[in-house]
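Q: Here you go, one structure.
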Amino acid sequence: MTPHFLTRTLDRSATIFILIVAAVGIVLPLLNLLLPADSPLQVPTYLISLFGKYVCYAILALSIDLIWGYCGILSLGHGAFFALGGYAMGMYLMRQIGSRGVYGNPVLPDFMVFLNYKELPWYWYGFDMFWFAALMVLLAPGLLAFGFGWLAFRSRVTGVYLSIITQAMTYALLLAFFRNDFGFGGNNGLTDFKDILGFNIQADGTRAALFALSCLGLIGAFMICRFIVTSKLGKVLIAVRDAESRTRFLGYRVESYKLFVFTLSACMAGVAGALYVPQVGIINPGEFAPGNSIEAVIWVAVGGRGTLVGAALGAVVVNYAKTVFTSGALAPYWLFMLGALFILVTLLLPKGIIGTVNAWLDGRKARDNANADSAEAEDGIIKPDLEKA
Amino acid sequence: MVAAELTAIDPQVAAREAEARQKRITSAQLYLDGVHVSFDGFHAINNLSMVLAPGEMRAIIGPNGAGKTTMMDIITGKTKPDEGDVYFDGTHDLTLLDETEIAKLGIGRKFQKPTVFESQTIQDNLLLALNVDHSVRGTLFWRGSRGEAERIDRVLETIRLTDARDSLAGNLSHGQKQWLEIGMLLAQDPKVLLVDEPVAGMTDVETHQTAELLKAINRDNKTVMVVEHDMTFVRELGVKVTCLHEGTVLAEGTIDDVSQNDRVVEVYLGR
Amino acid sequence: MNYFFERCRAIALACLLLAATAIPALAGPFEDAIAKFANDDFSDTDEAVGIIASSGNPQAFAIISALQEGRLFADPDSKKVYLTGTDGKSADAATGAAVAEVPASAAAVRLNNRLRRNIESALGGLTLMSPDPAKRIASAQSVFKSHEAALLPVIDAALEKETNKAARTAFAEARAAILLYKEDATEAEKIESIAIIKSRGDQDALALLTSLPPDQTLGVTRTAASAITAIKSRQTLWSISQNAWYGLSLGSVLLLAAIGLAITFGVMGVINMAHGEMVMIGAYVTFVVQDVIRTSYPGLFDYSLLMAVPLAFLVAGILGIIIERTIIRFLYGRPLETLLATWGLSLVLQQAVRTMFGPTNREVGNPSWMSGAFELGQITITYNRLWILCFTLAVFVILLAMLRYTSMGLEMRAVTQNRRMAASMGIATSRVDALTFGLGSGIAGIAGALFTQTNAYVTLTVFDFENSAKVMVMLILGGTGRLYGAFLGAAVYMVLEDYFSKLSPTFWQFGIGLEPVAGAVLGKIAILVLIILFIQKRPRGLFALKGRAIEA
Ligand SMILES: Nc1ncnc2c1ncn2[C@@H]1O[C@H](COP(=O)(O)OP(=O)(O)O)[C@@H](O)[C@H]1O
Ligand SMILES: [Mg+2]
């Protein structure tokens, strides 16, 4: 598009963010692939995959922030869209196994042979083609979100009620995917992947490429979000968040706006899930657990909702902490930590890390030039009055 | 992934609309007839009938709880009447439309409790109010035009907030918020303006200025309905007055007529 | 006075009868029959069984049951027959006199299948004469099932003498069963029998009627068919009421939890995600109480629940107050954040309980007055569920009374309906908030204490996500405006769940083409989908209040 669009989308902090992600996405794989194993700077492959996971979580966090931070829709079921994207990718990877499975069936994945499936269920058709799977990564979560949102927004279900029914939605999917006869591997989910687009999924090179791709995905998602929140549509979303009914009286069809961002956000979550699955090597119904979705929300809260950089940062920080805690002697205390995080962030840090820093910077700027009137927020706009009834 | 516009107009409604347009029930700009609303058995509006001619300005008075705000809710689609007809332009049956559609027809509203978008700048508040393309696609790919910028400048001028254009609306004083909301009405440029208690929290000077502003708007051939308690303000407007009480019209006429009406006096002063 | 004489006469009569049966029979056909066992001939044995069974000899039962269990030994030389009792002591079969041991020459009397059948019915006939009415009824029942034609004379005789009402009915039913299956019974007899069997109306009666041999007269077939439909429809009714009872009693715990949730909702305006953990805490309080009692005061075990319920209320309630004071009150007016904070709280509480009590199940017992069951018609009512229902109703009534008649209740209602107005009328809203929240949590605690009585253990997932979701759904269905909304919501939900769990298998199969094993899971999914659709129409619940207050 025009330079106008670019300058609008890429302000200073956005540019810095993109540069950092790009640098990480290029440098880490190179350090992994080019340096000899005994070099102190060599990044082991397992770390590449771990970081890749964080990056996928960051994309998920962005998608949540887009609807929660900017439009006030608190989805407690976004894990469902993530998992659907993951399943779509997992189905492709399953079909790639071909006759290398334990049972050696060229068409049926192992679990189907085990469960006495005679032929491939119709909804598995086409997943042997990457383009089709990639399409489904977008369509499956997108259509679900569209249908769900259409019903919910049209009848003006808002606030906590909406949150609760999104939670019910992911829970219903959890129950469904746990069933063996649902045709998605039941309890065990999809795993034992062999290769992706012809590359061995375990190979260092593939891992590094997947990591780089995830970083690219993060940059893409970030740009899309920036484009949206800096457009006039972004202002409408904030208007909806702060005073939904007022926005209606101005002649905006609020439900269309909500439906648009909700669907877009679900697609983004789906992409995150699709990038996540080949890096962790498994997708199972546990991803639909309501706890996962709500945990993703807390990443956003920690980083600062209504600030896109904050959402991504929060995902990485919280998950890094989780890795550190759950793998050490402190493992039994992780849930205490996580629970406390929920409480403390909502009580003491309602704007999150970035939001608080921004507010502090703004305050200082305002003090510096006492009668300056431009105190624009760095990254989107934070609702100033959170105590409002 | 652009969401399809949701249109609440189903074929039946469209058919009724078309029928009404042909018949053109009335030549009035706003037409309420025999309207009833009750909340949980409480009759907030009782057999309310009122007609506003195009270009007319009308002041509505009445004690607290008389149903003035509820009447505006009905006109703007926030509350659906249990009974009765509400027509705009003699052609649009407002009881069948929702808030968005009614706003798009050209009915603007200022709320009793000023509601502006507090976390956005004053300028953005006005930008959001401008009556340009309100579709998802339109706003997503919106690029400001000189015309729009000029309109916003003009409104800022009118509501005396040019200097504060970049500060957050949430930081404004109560009176300034009232003005901003009136400014948003101006930007919206509707055919009918419903103004609910515009001078609450204003100084005398500001009250006077507001009255002047509303008269100016009315001179622009807009239909205006003003709800206000402040009698000096109503007097200053110098227009026909309707007094509501318990959801129904108690008296109608010039301010002097109405304020000498026995029943009005009784309602306001008690017996 | 009259009654007294009647009693005396009855007792005297009973004594006489007892004396009569106790007099040893003189040598005669009975002894001859016993001797036949020594012939080692199946038909002789059969004959002997017949004679002994109808002899009325007090030894008869012992002998034939010994025969059945291979404890009857005959000496072919001396023609003497011995039996060893279940206690291992041996006796002469004819006289009942104890002997030191069965001679080595005696061999166990052999049986074949035909004999075994006859022995069984003979034993049935013998217990028909038992002095214990319960035994008589039991054996009449077994005759009813076997409808052995040979027993008809015995039954007739028994029926003649029988005075116990229940036993008479049992005999009459047994007689009807025999007649129905007897080939040479008249049509009128058979039709009359069918009527008797129909009025019995249980599964056995149904089995008897459906397995009737085909060669019946038209009249009999018709009556039987109509009796079958009658029994079947009566049975559906019973099974519905059984289900309803089941749902009601389990639902009552959920209902308590829902009421608690509705109360806390009134304070926060938001669903408390840690509510399930309050239920869990109530359950663990019960466990701790029982544990202490078991180790230190075992005699008090029957009172454990009576102590646990108030204690659960207190512990959960006080915890609720602490939570309100330290967390919730800072979040008023921020519903979405409240949701998150209370979720975090639930994680912390879960983990705390896990750390204290370990991740495994802990046993919780029923006090004796809560175990067991009784039958009401064809439904089984267990005492634990009955008591749970009683507790629930009691809590509900107390709560309603408290809200209606005490000043605290008045203040609570005032604050939840219009906080600002209440505050300006001088109510200390923050104190009321804390107490109300504590009350709601305490009631959840009671729900937890009672919940332990439905299954014999507590776990961390006593009140798992699913139950919590159910409770939320009840609340959403019922609306939060009024307390009885939770009540109605619970009722509607339980009915829906029952309905859909039954409906969905086929329903699902129809839609997707899978085998119909889906069952309850899809019922739940169907419910969730339904709820989503429901919220479409009534975002504020079925029984919601309208008004401006809730719009804010
Ligand atoms: N949504 C509603 N639910 C319940 N009562 C309402 C609602 N809207 C208005 N009312 C009641 O209707 C009456 C009229 O209110 P309103 O129109 O605000 O009066 P006014 O603006 O004239 O002071 C009041 O008693 C108010 O409580
Ligand atoms: Mg009003």
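The values are calculated or read from the model by the stated rules, or taken from the named source; none is laboratory data. Not measured: the values here are computed from a predicted model. Note: ideal-geometry Cβ built from the backbone for every residue, glycine included; neighbour counts use all protein chains shown. Only protein heavy atoms, including side chains, enter the accessible area calculation; ligands, DNA and RNA are left aside. Shrake-Rupley method; radii C 1.70, N 1.55, O 1.52, S 1.80 Å.
Q: Report whether or not A:VAL102 is open to solvent by 10 Å² or more (accessible area, probe 1.4 Å), outside any helix (DSSP H, G or I) and of a type in the set (Val, Ile, Thr).
A: Criteria met by A:VAL102.
Q: With among the hydrophobic types (A, V, I, L, M, F, W, C) and either at positive phi or part of a loop (DSSP other than H, G, I, E, B) (or both) as the only criterion, which of A:LEU31, A:LEU62, A:LEU47, A:LEU76 stands out?
A: Of the residues listed, the single one that is among the hydrophobic types (A, V, I, L, M, F, W, C) and either at positive phi or part of a loop (DSSP other than H, G, I, E, B) (or both) is A:LEU76.
Q: Residues of the stretch A:238-254 being within 7 Å of chain B (Cβ to nearest Cβ) and under 23 Å from the mean Cα position of the chain (by Cα), which ones?
A: Listed by number, the list holds a single entry, A:ILE238.
Q: Being within 16 Å of ligand 1 (Cβ to nearest atom) and more than 14 Å from every other protein chain (Cβ to nearest Cβ), is that true of even one residue in the stretch B:210-224?
A: So far as the stretch B:210-224 goes, no, none of its residues is within 16 Å of ligand 1 (Cβ to nearest atom) and more than 14 Å from every other protein chain (Cβ to nearest Cβ).
Q: Here's another thing I want to ask about it. Inspect the stretch B:231-240 for any residue being charged (D, E, K, R), within 14 Å of chain A (Cβ to nearest Cβ) and either away from ligand 2 (no atom under 16 Å from the Cβ) or farther than 24 Å from B:LYS113 by Cβ (or both) and give the result as yes or no.
A: Checked the stretch B:231-240: no residue is charged (D, E, K, R), within 14 Å of chain A (Cβ to nearest Cβ) and either away from ligand 2 (no atom under 16 Å from the Cβ) or farther than 24 Å from B:LYS113 by Cβ (or both).
Q: Okay, next question. Only one of these is among the hydrophobic types (A, V, I, L, M, F, W, C), open to solvent by less than 10 Å² (accessible area, probe 1.4 Å) and either more than 16 Å from A:GLY310 (Cβ to Cβ) or modelled with pLDDT of 95 or more (or both): A:ALA23, A:ALA61, A:ALA37, A:ALA14. Name it.
A: Step by step, each of A:ALA23, A:ALA61, A:ALA37, A:ALA14 is checked, and only A:ALA61 is among the hydrophobic types (A, V, I, L, M, F, W, C), open to solvent by less than 10 Å² (accessible area, probe 1.4 Å) and either more than 16 Å from A:GLY310 (Cβ to Cβ) or modelled with pLDDT of 95 or more (or both).
Q: Working only within the stretch A:135-157, note down all residues that are assigned to a helix (DSSP H, G or I) and within 9 Å of chain C (Cβ to nearest Cβ).
A: Result: A:PHE148, A:LEU151, A:ALA152, A:ARG154.
Q: For C:LYS165, all conditions in the list (1) surrounded by fewer than 20 Cβ atoms within 10 Å (Cβ to Cβ); (2) charged (D, E, K, R); (3) closer than 30 Å to C:GLY70 by Cβ hold save one; what is the number of the exception?
A: With (1) surrounded by fewer than 20 Cβ atoms within 10 Å (Cβ to Cβ); (2) charged (D, E, K, R); (3) closer than 30 Å to C:GLY70 by Cβ applied to C:LYS165, the lone miss is (3).
Q: Filter the stretch B:99-117 for residues that are out of contact with any Ser or Thr (no Cβ under 9 Å at 6 or more places or on another chain) and within 16 Å of ligand 1 (Cβ to nearest atom); which is modelled with the highest pLDDT?
A: Once the filter is applied, the top-ranked residue is B:LYS110.
Q: OK, next. Any idea how many residues of the stretch A:158-168 are at pLDDT 85 or above and facing chain C (nearest Cβ under 7 Å)?
A: Counting residues in the stretch A:158-168 that are at pLDDT 85 or above and facing chain C (nearest Cβ under 7 Å) gives 1.
Q: Sticking with this one: A:GLN96: among the polar types (S, T, N, Q), closer than 18 Å to A:VAL277 by Cα and within 29 Å of the chain's Cα centre (by Cα), yes or no?
A: It is true that A:GLN96 is among the polar types (S, T, N, Q), closer than 18 Å to A:VAL277 by Cα and within 29 Å of the chain's Cα centre (by Cα).
Q: When you check B:ASP85 against the structure, is it more than 16 Å from ligand 2 (Cβ to nearest atom), under 13 Å from B:TYR31 (Cβ atoms) and in contact with a Gly (Cβ under 9 Å, 6 or more places away or on another chain), yes or no?
A: yes
Q: Which of the residues belonging to the stretch B:69-82 are out of contact with any helix residue (DSSP H, G or I) (no Cβ under 9 Å at 6 or more places or on another chain), within 14 Å of chain A (Cβ to nearest Cβ) and more than 6 Å from ligand 1 (Cβ to nearest atom)?
A: Within the stretch B:69-82, B:MET72, B:ASP73 qualify.
Q: Right, something else. Consider B:MET71 carefully, then state whether it is closer than 20 Å to B:LEU237 by Cβ, crowded, with 18+ Cβ neighbours inside 10 Å and within 13 Å of ligand 2 (Cβ to nearest atom).
A: yes
Q: What is the residue count in the stretch C:291-337 for residues that are of a type in the set (Gly, Ala, Ser), away from chain A (no Cβ under 14 Å) and out of contact with any helix residue (DSSP H, G or I) (no Cβ under 8 Å at 6 or more places or on another chain)?
A: The number of residues fulfilling the criteria is 2.
Q: Also, I was wondering about something else. In the stretch C:338-373, which residues are in a loop (DSSP other than H, G, I, E, B) and within 12 Å of chain A (Cβ to nearest Cβ)?
A: Once the filter is applied, which keeps residues that are in a loop (DSSP other than H, G, I, E, B) and within 12 Å of chain A (Cβ to nearest Cβ), the stretch C:338-373 yields C:GLY358, C:PRO359.
Q: Give the stretch C:134-158 a look and list any residue that's more than 14 Å from C:SER121 (Cα to Cα) and either open to solvent by less than 30 Å² (accessible area, probe 1.4 Å) or not hydrophobic (A, V, I, L, M, F, W, C) (or both), or say none.
A: Result: C:LYS135, C:ASP156, C:ALA158.
Q: Moving on. Looking only at residues that are within 14 Å of chain C (Cβ to nearest Cβ) and away from ligand 2 (no atom under 16 Å from the Cβ) in the stretch B:29-68, which one is least open to solvent (accessible area, probe 1.4 Å)?
A: Among residues in the stretch B:29-68 that are within 14 Å of chain C (Cβ to nearest Cβ) and away from ligand 2 (no atom under 16 Å from the Cβ), the one least open to solvent (accessible area, probe 1.4 Å) is B:SER38.
Q: If you don't mind, there's one more thing I want to ask. Between C:ARG354, C:ARG362, which is more than 24 Å from the chain's Cα centre (by Cα), open to solvent by 20 Å² or more (accessible area, probe 1.4 Å) and in contact (Cβ under 8 Å) with a residue 60 or more places away in the chain? Give the steps one after another, and end with the answer.
A: Values: C:ARG362 fails: more than 24 Å from the chain's Cα centre (by Cα).
Residue meeting the stated conditions: C:ARG354.
Q: Within the stretch B:185-195, is there a residue that is within 16 Å of ligand 1 (Cβ to nearest atom) and either in contact with a Phe, Trp or Tyr (Cβ under 7 Å, 6 or more places away or on another chain) or closer than 22 Å to B:ASP73 by Cβ (or both)?
A: Yes - at least one qualifying residue is present in the stretch B:185-195.
Q: Determine, yes or no, whether A:ALA172 is part of a helix (DSSP H, G or I), buried (at least 18 other Cβ atoms within 10 Å of the Cβ) and in contact (Cβ under 8 Å) with a residue 40 or more places away in the chain.
A: no
Q: Could you check, for the stretch A:182-204, whether at least one of its residues is at the interface with chain C (Cβ under 9 Å from one of its Cβ atoms), in contact with a Pro (Cβ under 8 Å, 6 or more places away or on another chain), of a type outside the set (S, T, N, Q) and open to solvent by less than 30 Å² (accessible area, probe 1.4 Å)?
A: The answer is yes, given that some residue of the stretch A:182-204 is at the interface with chain C (Cβ under 9 Å from one of its Cβ atoms), in contact with a Pro (Cβ under 8 Å, 6 or more places away or on another chain), of a type outside the set (S, T, N, Q) and open to solvent by less than 30 Å² (accessible area, probe 1.4 Å).
Q: Taking the condition of being of a type in the set (Lys, Arg) and not in a helix (DSSP H, G or I), how many residues in the stretch C:234-281 meet it?
A: Looking only at that region, the number is 0.
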